[in-house]
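A short worksheet on the structure shown next.
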């Protein structure tokens, strides 16, 4: 047992070496700068995924790229180094208490970050004034969904798996769906008259074109042009299109009993409770078009627990309920009634930054006080020596 | 004591001298006293401010200057709103772009200033182009196109100003005989005519019913009625949406102010607002007639009714604390430098200390006034963060001087105060830079905790960097004793840990704010990454020094380079134009930051090479 502990200590001491930190920190800074500058061209979400959410990434001009360790690798090494330093190299004395506390705080912060990365789920809930909803839509994931007659999804394909010429057999029916054109970000234009044959409305008048991805992921208009084959009714066979947010997705009467709806939509998940929007308010700074406050007056309707209660959500004043946090995120005043957009986050690691910040600050203050007291003593000593 | 009194006396004299320079601008040009008028409140860009601030912002917008032909901005504004017919001949539009001048058909002048009346033809000619440009994204516009758009926007704003009181000003109309008994043709204005508008409309309707739409078939009397009706409608339509000059308290929304036309056209005018309208009418009349008694009485009456006291802001405008403090910081720096050069001459040291204290007091006064006026913590914009760092960084350097007593802290205070003061001057928005905040920033708690914490961290970082520069410079020149070097190294290490305390806590608090507002603690936003960069840099230098990977000189080089790291995190990341904290790309700023980085890298490397050479020798 002693031998195992000694070996463990040896490995730990080696992994806790300050040289590791000496090289990891500049790498971390370089990655931080690269990932930040990259946001200018590829947007925040893509840069986040590529530089901070991967184990490695490629840099350099298109003709000559080299792999470099990305966020997960660097943070992993940092975490191991910090943990080993904390466990095996800490000098457990009052004089070092500030330093130990701040290191523990950083450890807690990084641990919280890992927890968040692994467990947090983000999305948004859009609800009109007077309406209620429990559907949270994802900011980034889109799905191709085929709904049956009762409105139940029976085919769901994530957008990452969609591509040109993808052939999809629809279960329990003789129909196939072939994707002719998939665009992660589509631009819409008029379809020339010469190309309208075989198209069903409104695809006969409009067409989707592949466009470069927008650097803001939410702005990308994902869509498909597709062909339906195999339906007994020849009128059903033909070409269609649909895209995320399309108000009139194709609805096909396959036979007398079966009707399918083909939609491209943001990935959805239900909340265990519903949110009813009582009223949405936007206060403006007088004489400007700048808002000073956004407020959603809502009612939580929880049938599982029987909790029904009114609540107010404002900027910087979210509502926390059953592990979910609802934030005032956006709004839409263009329709016949106001809609509020609430960001919904479920993050099991959210308490860690709060604890970590307190511990780090406390540690640094203790360290500083000890240091300043030491300085005072040494100054007196120097004066006395003179 | 003798040195202290001498220094105190000299600084008092210089303070009075500079104050006099500042206040000397308040010489009256107009025969009417403008003092009370400039204190009247106006609602502009979301907040109530004195008319003086509004006038300065507008004049700077059009002409780039805060005065017009030896008149202060408020006098120019009064002339513009009370006497628009002559004011439109004032040459206040600065058009620097030669292509725009050519496009507008304007003659070349030594000073490219033009009157509104000179622009009207060119504005009409270029209007179709502007209509197309409005729909083009700003980043796709050329500098000429941007200048043309700006000119049209300014011209539109100016016409709103010219017409802001047109409902109260006398009209040059030919009154039909039946109204001459009831209406005095000398003083007739829109409001008077409006009382007869229904009668006039009925008369016109009767004329059209009997004689049709062709005015040539009307009698002379009928033509005069038709023309009067047309004039009323023209005045009304020209004033549609004119909500710039919001000086009338809203009878409905307490605390809000409305423009006179806005009040009338929105149907909000009540018996409560009627006397205020009447007083503005009197004000306009007394301005044109130079009637001092009525002017003074009316401005006083309007001031008595004001819902806020604008005195603090007027004082702020008068003293210009941040510009004035810059002079004192520069004095302090030069005096500290002279004191070091002349072997720590005490009178010079005291003078330098007094200058720094006056500068810090002025800045603190300025920051406090902004807190009172804006009713929020002092930092909400990038510009305000510069002002705040300009206050705290010299204060921290003075604290270091108090501990070290070797004039280097004093020298740092003067240097950092002057450089940040200059940066603030270059970053100041034209016109009014006291801005209201967007909804997400509209929170007292987070502005007080996160924002102040991080900006104080910037302040400590800059002082650390300046002290490190001095250490490098002193060692390279061989002017520092071993004791002073040791003392400075200890000081910079303590400063670095303090900077780390504030930047790390501030960064984490920012994360918590983001968690409260957007639902995520960390989103890799450029500003967040910038703050993290400072923290990582400090952690790297501090740990590498402790673990022995860096020598003392290398650690000092790292601390000195903090200025670049802070500059990049504080201002540089905003230049990317992405993320939640971006303030837009400014080309000058980009090159400035690039040049600063190169200069700093060059300076620090050169100094360290000299030190290395000396050590080896």
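The values are calculated or read from the model by the stated rules, or taken from the named source; none is laboratory data. This is a predicted model, so every value here is computed, not measured. Because the Cβ atoms are built from the backbone with ideal geometry, glycine has one as well, and the counts that use them run over all protein chains shown.
Can you confirm whether the stretch B:564-571 contains a residue that is at negative phi, at the interface with chain A (Cβ under 9 Å from one of its Cβ atoms) and free of Cβ contacts under 8 Å to residues at least 60 places away in the same chain?
yes
Specify the residue that is surrounded by the fewest Cβ atoms within 10 Å (Cβ to Cβ); the eligible residues are those in the stretch B:454-484 that are within 14 Å of another protein chain (Cβ to nearest Cβ) and in contact (Cβ under 8 Å) with a residue 24 or more places away in the chain. Walk me through how you get there before you give the answer.
Step one: of the stretch B:454-484, the residues within 14 Å of another protein chain (Cβ to nearest Cβ) are B:454, B:456-457, B:460, B:464, B:481-484.
With in contact (Cβ under 8 Å) with a residue 24 or more places away in the chain added as a condition, the list becomes B:454, B:456-457, B:460, B:464, B:484.
Numbers: B:454: 25, B:456: 24, B:457: 27, B:460: 26, B:464: 31, B:484: 17.
So the residue we want is B:484.
Look at residue B:264 and say whether it is away from chain A (no Cβ under 14 Å), crowded, with 16+ Cβ neighbours inside 10 Å and closer than 27 Å to residue B:366 by Cα. Steps first, answer last, please.
On the way: away from chain A (no Cβ under 14 Å): yes; crowded, with 16+ Cβ neighbours inside 10 Å: yes; closer than 27 Å to residue B:366 by Cα: no.
No.
From the list B:270, B:311, which one is surrounded by fewer than 20 Cβ atoms within 10 Å (Cβ to Cβ) and at pLDDT below 90?
Sole residue among the options that is surrounded by fewer than 20 Cβ atoms within 10 Å (Cβ to Cβ) and at pLDDT below 90: B:270.
Which of the residues belonging to the stretch B:429-441 are within 10 Å of another protein chain (Cβ to nearest Cβ) and touching a residue at least 40 places away in the same chain (Cβ under 8 Å)? Lay out the reasoning, then the answer.
Of all residues in the stretch B:429-441, those within 10 Å of another protein chain (Cβ to nearest Cβ) come to B:435-441.
Answer for the stretch B:429-441, where residues must be within 10 Å of another protein chain (Cβ to nearest Cβ) and touching a residue at least 40 places away in the same chain (Cβ under 8 Å): B:435, B:436, B:437, B:440, B:441.
For the stretch A:237-261, enumerate the residues that are in contact (Cβ under 8 Å) with a residue 40 or more places away in the chain, in a loop (DSSP other than H, G, I, E, B) and under 23 Å from residue A:191 (Cα atoms).
Answer for the stretch A:237-261, where residues must be in contact (Cβ under 8 Å) with a residue 40 or more places away in the chain, in a loop (DSSP other than H, G, I, E, B) and under 23 Å from residue A:191 (Cα atoms): A:244, A:248, A:250.
Only one of these conditions is not met by residue B:497: (1) under 24 Å from residue B:605 (Cβ atoms); (2) in contact (Cβ under 8 Å) with a residue 24 or more places away in the chain; (3) at the interface with chain A (Cβ under 10 Å from one of its Cβ atoms). Which number is it?
That leaves (1) as the condition not met.
Counting just the residues of the stretch A:286-312 that are in a strand (DSSP E or B), out of contact with any helix residue (DSSP H, G or I) (no Cβ under 9 Å at 6 or more places or on another chain) and under 26 Å from residue B:374 (Cβ atoms), which one comes out farthest from the other protein chains (Cβ to nearest Cβ)?
Going residue by residue through the stretch A:286-312, those that are in a strand (DSSP E or B) are A:291-302, A:307-312.
Narrowing further to those that are out of contact with any helix residue (DSSP H, G or I) (no Cβ under 9 Å at 6 or more places or on another chain): A:295-302, A:307-312.
In the following step, the residues that additionally are under 26 Å from residue B:374 (Cβ atoms) were identified as A:295, A:312.
Details: A:295: 10, A:312: 14 Å.
Here the residue is A:312.
Hey, residue A:327 hits all of (1) buried (at least 18 other Cβ atoms within 10 Å of the Cβ); (2) assigned to a loop (DSSP other than H, G, I, E, B) but one; which does it fall short on?
If we test residue A:327 against (1) buried (at least 18 other Cβ atoms within 10 Å of the Cβ); (2) assigned to a loop (DSSP other than H, G, I, E, B), just (2) comes out false.
Name the single residue that is farthest from the other protein chains (Cβ to nearest Cβ) among those in the stretch A:112-131 being surrounded by 16 or more Cβ atoms within 10 Å (Cβ to Cβ) and in a strand (DSSP E or B).
Residue satisfying both the conditions and the ranking: A:128.
Assess whether residue B:272 counts as being in a loop (DSSP other than H, G, I, E, B) and touching a residue at least 12 places away in the same chain (Cβ under 8 Å). Let's see the steps before the verdict.
On the way: in a loop (DSSP other than H, G, I, E, B): yes; touching a residue at least 12 places away in the same chain (Cβ under 8 Å): yes.
Yes.
Taking the stretch A:334-352 only, how many residues are assigned to a loop (DSSP other than H, G, I, E, B) and either over 19 Å from residue A:132 (Cα atoms) or not assigned by TED's automatic domain parsing to the domain that holds residue A:279 (or both)? Even if it seems obvious, please write down each step before you answer.
As a first pass, look at the stretch A:334-352 and keep what is assigned to a loop (DSSP other than H, G, I, E, B): A:334-338, A:347-350.
If we keep only those that are either over 19 Å from residue A:132 (Cα atoms) or not assigned by TED's automatic domain parsing to the domain that holds residue A:279 (or both) as well, we get A:347-350.
The number of residues fulfilling the criteria is 4.
Which members of the stretch B:129-144 meet the condition of being in contact with a helix residue (DSSP H, G or I) (Cβ under 8 Å, 6 or more places away or on another chain) and farther than 10 Å from residue B:97 by Cβ?
Filtering the stretch B:129-144 down to residues in contact with a helix residue (DSSP H, G or I) (Cβ under 8 Å, 6 or more places away or on another chain) leaves B:129-130, B:133-134, B:136, B:138, B:141, B:144.
Within the stretch B:129-144, B:129, B:130, B:133, B:134, B:136, B:138, B:141 meet the criteria.
Within the stretch A:331-354, which residues are surrounded by 14 or more Cβ atoms within 10 Å (Cβ to Cβ) and either more than 10 Å from chain B (Cβ to nearest Cβ) or within 30 Å of residue A:98 (Cβ to Cβ) (or both)? Write out each step before concluding.
Kept after step one, since they are surrounded by 14 or more Cβ atoms within 10 Å (Cβ to Cβ), are these residues of the stretch A:331-354: A:331, A:338-350, A:352-354.
Once the filter is applied, which keeps residues that are surrounded by 14 or more Cβ atoms within 10 Å (Cβ to Cβ) and either more than 10 Å from chain B (Cβ to nearest Cβ) or within 30 Å of residue A:98 (Cβ to Cβ) (or both), the stretch A:331-354 yields A:331, A:338, A:339, A:340, A:341, A:347, A:348, A:349, A:350, A:352, A:353, A:354.
Somewhere in the stretch B:134-144, is a residue free of Cβ contacts under 8 Å to residues at least 60 places away in the same chain, crowded, with 18+ Cβ neighbours inside 10 Å and farther than 30 Å from residue B:286 by Cβ? Working first, answer last.
Of the residues in the stretch B:134-144, the ones free of Cβ contacts under 8 Å to residues at least 60 places away in the same chain are B:134-144.
From what is left, the residues that are crowded, with 18+ Cβ neighbours inside 10 Å are none.
No.
Here are some conditions: (1) over 48 Å from the mean Cα position of the chain (by Cα); (2) touching a residue at least 24 places away in the same chain (Cβ under 8 Å); (3) buried (at least 18 other Cβ atoms within 10 Å of the Cβ). Residue B:207 meets all but one. Which one does it not meet?
That leaves (2) as the condition not met.
Taking residue B:86 as meeting all but one of (1) under 15 Å from the mean Cα position of the chain (by Cα); (2) surrounded by fewer than 18 Cβ atoms within 10 Å (Cβ to Cβ), write down the number of the exception.
With respect to (1) under 15 Å from the mean Cα position of the chain (by Cα); (2) surrounded by fewer than 18 Cβ atoms within 10 Å (Cβ to Cβ), residue B:86 is out only on (1).
One line per residue, one yes/no per condition, for (1) at pLDDT 90 or above; (2) more than 24 Å from the chain's Cα centre (by Cα):
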{"site": "A:3", "(1), (2)": "no, yes"}
{"site": "A:12", "(1), (2)": "no, yes"}
{"site": "A:24", "(1), (2)": "yes, yes"}
{"site": "A:27", "(1), (2)": "yes, yes"}
{"site": "A:53", "(1), (2)": "no, no"}
{"site": "A:60", "(1), (2)": "no, yes"}
{"site": "A:65", "(1), (2)": "no, yes"}
{"site": "A:99", "(1), (2)": "no, yes"}
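Hey, does the stretch B:57-71 have a residue that's within 20 Å of residue B:286 (Cβ to Cβ) and away from chain A (no Cβ under 14 Å)?
Within the stretch B:57-71 (the criterion being within 20 Å of residue B:286 (Cβ to Cβ) and away from chain A (no Cβ under 14 Å)), the answer is yes, since at least one residue qualifies.
Within the stretch A:315-329, can you find the residues that are more than 7 Å from chain B (Cβ to nearest Cβ) and in contact (Cβ under 8 Å) with a residue 12 or more places away in the chain? Working first, answer last.
Narrowing the stretch A:315-329 to residues more than 7 Å from chain B (Cβ to nearest Cβ): A:317, A:319-324, A:326, A:328-329.
Answer for the stretch A:315-329, where residues must be more than 7 Å from chain B (Cβ to nearest Cβ) and in contact (Cβ under 8 Å) with a residue 12 or more places away in the chain: A:319, A:321, A:322, A:323, A:324, A:326, A:328, A:329.
Look at residue B:338 and say whether it is touching a helix residue (DSSP H, G or I) at 6+ places or on another chain (Cβ under 7 Å), in a helix (DSSP H, G or I) and surrounded by 22 or more Cβ atoms within 10 Å (Cβ to Cβ).
On the way: touching a helix residue (DSSP H, G or I) at 6+ places or on another chain (Cβ under 7 Å): yes; in a helix (DSSP H, G or I): yes; surrounded by 22 or more Cβ atoms within 10 Å (Cβ to Cβ): no.
Spelling it out, it is not the case that residue B:338 is touching a helix residue (DSSP H, G or I) at 6+ places or on another chain (Cβ under 7 Å), in a helix (DSSP H, G or I) and surrounded by 22 or more Cβ atoms within 10 Å (Cβ to Cβ).
Sort out which residues of the stretch B:95-107 are closer than 11 Å to residue B:150 by Cβ and surrounded by fewer than 17 Cβ atoms within 10 Å (Cβ to Cβ), and write them in order of number. Give the steps one after another, and end with the answer.
Taking the stretch B:95-107 first, the residues closer than 11 Å to residue B:150 by Cβ are B:95-97, B:100.
Scanning the stretch B:95-107 gives a single hit, B:96.
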